[in-house]
Every structure is written in structure tokens, then in C-alpha cells.
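Below: one structure, written as C-alpha cells.
Every read-out reported here was derived from the displayed coordinates using simple, explicitly stated rules and does not represent laboratory data. Every value quoted in this text rests on a predicted model; they were computed, and no experiment measured them. When we count neighbours, we look across all protein chains shown, and the Cβ atoms used for this are built from the backbone with ideal geometry, even at glycine.
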Amino acid sequence: MSKPVGPYTPIVRAGDTLYVSGQLGLLDGALVDGLDAQVRQAMANLAGLLEAEGASLNNVVKTTVLLASIEDYAAMNTAYTESFGDHRPARAAFAVAALPLGGLVEIEAIAVL
């Protein structure tokens, strides 16, 4: 798992609910190349945080996906849905002016144990 890029906690447990801070496509402290790789890495980072708390992507009930460009929406969906398999949590997705470290995507999640 990557070290946070700011002064926040990557995952917080409140009772049976886990709140996962936005995950970038970081591997070994650097962004991986390309949108597809960044989505897959962000999802892997998210999964790793969940696993450390005894959960998995199947426990996710809601995500928020931030995109540097709304033009990447369809491409993001491909990698995102492959990461979740048949599980389909509720989701919001929208474009923002910029993401930390020049990321193309950031994904946050809420999971229930």
C-alpha cells in the first residue's frame, strides 16, 4: 500500500463501517502510467486497505470516482467493473479540475462489514 500523500488516515473504521480515503493509482510512491493502469492500481490499493481490516471489495456499498477528464468516463468504467466483478456498489463519478500528483483518477469507498 502507498503512503498517504497528505495529512489524513487512509481507512477509518466506525462500528461496522469502513471509510476509505481516495486512492490514486500509486505504486511504490509513483503514479503508474495511463488511465487503465491507474484505475486498476487505485482499486488494488483500495482492496489492500480493506483486506487489512478484514474486508474485501465485496463489502463496498458506495464509491466516488473523481476523474481529471470526463472524457475518460467510459475507459474508467471498463477497468472499474473488471475490478469489482459482478459486485455493483452505488457510485458517483465526476470530473474535477485536477487531482493530487497529476493523477487521472481517484477512487474512495464506503464498505460495511
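Under 13 Å from the Cβ of ARG88, count the other residues' Cβ atoms, weight Lys and Arg +1, Asp and Glu -1, and hand me the total.
The answer is 0.
When a footprinting reagent is the concern and you count Cβ atoms within 10 Å, what order do TYR80, TYR8, TYR19 take, fewest first?
Values: TYR80 20, TYR8 9, TYR19 15.
Listing TYR80, TYR8, TYR19 from fewest to most nearby Cβ atoms yields TYR8, TYR19, TYR80.
For the chain, calculate the relative contact order in percent as a whole number, restricting contacts to Cα pairs under 8 Å that are 6 or more residues apart. If you can, show how the numbers build up before the last one.
Working: 212 pairs, mean separation 41.7, N = 113.
Reported as a whole number, the value is 37 percent.
Going by how many other Cβ atoms sit within 10 Å of their own, how do VAL96, VAL65, VAL105 line up, fewest first?
On the way: VAL96 11, VAL65 22, VAL105 28.
Ascending Cβ contact count within 10 Å gives the list VAL96, VAL65, VAL105.
What is the distance, in nm, between label points placed 7 Å from the Cα along the Cα-to-Cβ direction at GLU51 and at VAL112?
So the label points at GLU51 and VAL112 sit 2.5 nm apart.
Quickly work out the LEU101-to-VAL61 label distance, labels modelled 7 Å from Cα along the C-beta direction, and quote it in nm with one decimal.
Once both label points are built, they end up 3.0 nm from each other.
Would you mind computing, in nm to one decimal, how far apart the modelled labels at GLU82 and PHE94 are, each placed 7 Å from Cα along Cα→Cβ?
It is 2.9 nm.
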